[in-house]
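Here the structure comes first, spelled out in structure tokens, and everything after it is commentary.
Each value in this text was obtained by applying a stated rule to the coordinates, not by laboratory testing. Quick caveat, the model's predicted, so the values are computed rather than measured. Because the Cβ atoms are built from the backbone with ideal geometry, glycine has one as well, and the counts that use them run over all protein chains shown.
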Amino acid sequence: MIQRGRFITLEGSEGVGKSTNVAFVEAWLKEQGLEVVRTREPGGTPRAEAIRALLLDPSFEEPLNSDAELLLMFAARAQHLAQKIVPALERGAWVVCDRFTDATFAYQGGGRGIDSTRIATLEHFVQQGLSPDLTLLLDMSPAAAKVRLEGRLRDQQTERDRFEQEQATFFQAVRQAYLARAASDTKRFALIDAEQPLESVQAALADVLAERMALWR
Ligand code: Z5A
């Protein structure tokens, strides 16, 4: 019988280094001889990426209603799960995902103020019990992360998306919501200090991965 793969997510507020480190985690797992599928949310498949583009587009004058935003996040997730994540896990591949449902609790819950029981209802409906085996939460002060992000926006000459235009208080609420979730499930979450130099962040990630792999063997 094929053993189901493991599902690992990276989380954290904007600019903390998720994209950089999702590539590191993928490479580290491949070195262990595993098949790895790297993906991201919102997005990960062509249709889910189309929903992502709608969610991030800052050009509409009409504001996006918070419930509509929440439902679009879960619509993209349902597509992503059905087309990519579940088939990969079922054939034994490991899935490494840049953000997942903890981001919904942090952004739509903490940031927008939607009651977490409503989010949990959608989580149950869409995921039917599937949740990550390990969540690596990259944590740092939003002010320091903003400096990093501004460097990247300058280097790549890209515009701020709809979320990147939010105020500091929004990102503080997002960070607090993430930290509260991590504190309530210390078995699934590993908290990583993302303010350290990249080599130290990646050494910490490698330690957590090695420890979990030993447990899962
Ligand atoms: N969202 C939501 O609201 N609800 C949901 O359910 C989901 C998402 C799933 C898009 O996500 C938006 O969707 C997101 C939340 C919302 N918006 N926000 N904000 P995203 O993940 O695509 O966007 P993001 O959070 O803005 O990610 P990002 O801009 O790609 O940042 P990052 O991936 O965390 O950081 P990075 O690009 O890897 O690093 C930023 C820069 O710092 C870069 O130049 C790196 O080279 C540098 N860096 C990284 N690590 C270090 C260290 N350790 N030292 C120094 N410099 C570093």
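Relative to one another, the C-alpha centroids of the range 137-153 and the range 89-105 are positioned 23 Å apart.
By other beta-carbon atoms within 10 Å, ranking Phe60, Phe171, Phe7 with the fewest at the front produces Phe60, Phe7, Phe171. Of the GluC sites (Glu not before Pro) found in the range 54-150, those in coil by DSSP whose Cβ has at most 15 other Cβ atoms within 10 Å are Glu61. Pairs of Cα atoms nearer than 8 Å and 6+ residues apart set the relative contact order; for the chain it is 32 percent.
Restricted to Cα atoms, the chain shows a radius of gyration and a Dmax of 16.8, 53 angstrom. Charge tally around Leu179: other residues with Cβ under 13 Å, Lys/Arg +1 each, Asp/Glu -1 each, net -3. Sum up the charges of everything whose Cβ sits under 14 Å from the Cβ of Phe24, counting Lys and Arg as +1 and Asp and Glu as -1, but leave Phe24 out. Net local charge, Phe24 excluded: -2.
The 3J(HN,Hα) values that the Karplus relation (6.51, -1.76, 1.60; θ = phi - 60°) gives for the range 158-164 are, in residue order, 10, 7, 6, 7, 4, 6, 5 Hz. Gly and Pro appear as x.
Charges were assigned to the Cβ only: +1 to each Lys and Arg, -1 to each Asp and Glu. The resulting dipole of the chain about its Cα centre is roughly 580 debye.
Over the range 1-99, one equal point on each Cα, no solvent: what is log10 I(q)/I(0) by the Debye formula at q = 0.24 Å⁻¹? The Debye formula, applied to the Cα set alone, gives -1.27. Sorted ascending by nearby beta carbons within 10 Å, beginning with the fewest, Glu62, Glu199 become Glu62, Glu199. Remark: relative contact order (the range 63-139) = 39 percent; criterion is Cα-Cα distance under 8 angstrom and separation of 6 or more residues. Here the sum of -39500 (n - 2.57) over DSSP H runs of 4 or more residues, divided by the residues of the chain, equals -16000 deg cm²/dmol at 222 nm, to the nearest 500.
Set the Förster distance to 25 Å, then compute FRET efficiency between Thr158 and Gln3 from the Cβ-Cβ distance, nearest 0.05. Calculated value: 0.05.
Since only Pro63, Ala103, Leu29 are under comparison, the one whose Cα sits farthest along the positive direction of the charge dipole of the chain, derived from C-beta charges on Lys, Arg, Asp and Glu, is Leu29.
The 3J(HN,Hα) values that the Karplus relation (6.51, -1.76, 1.60; θ = phi - 60°) gives for the range 83-91 are, in residue order, 8, 10, 5, 5, x, 5, 4, 5, 8 Hz. Gly and Pro appear as x.
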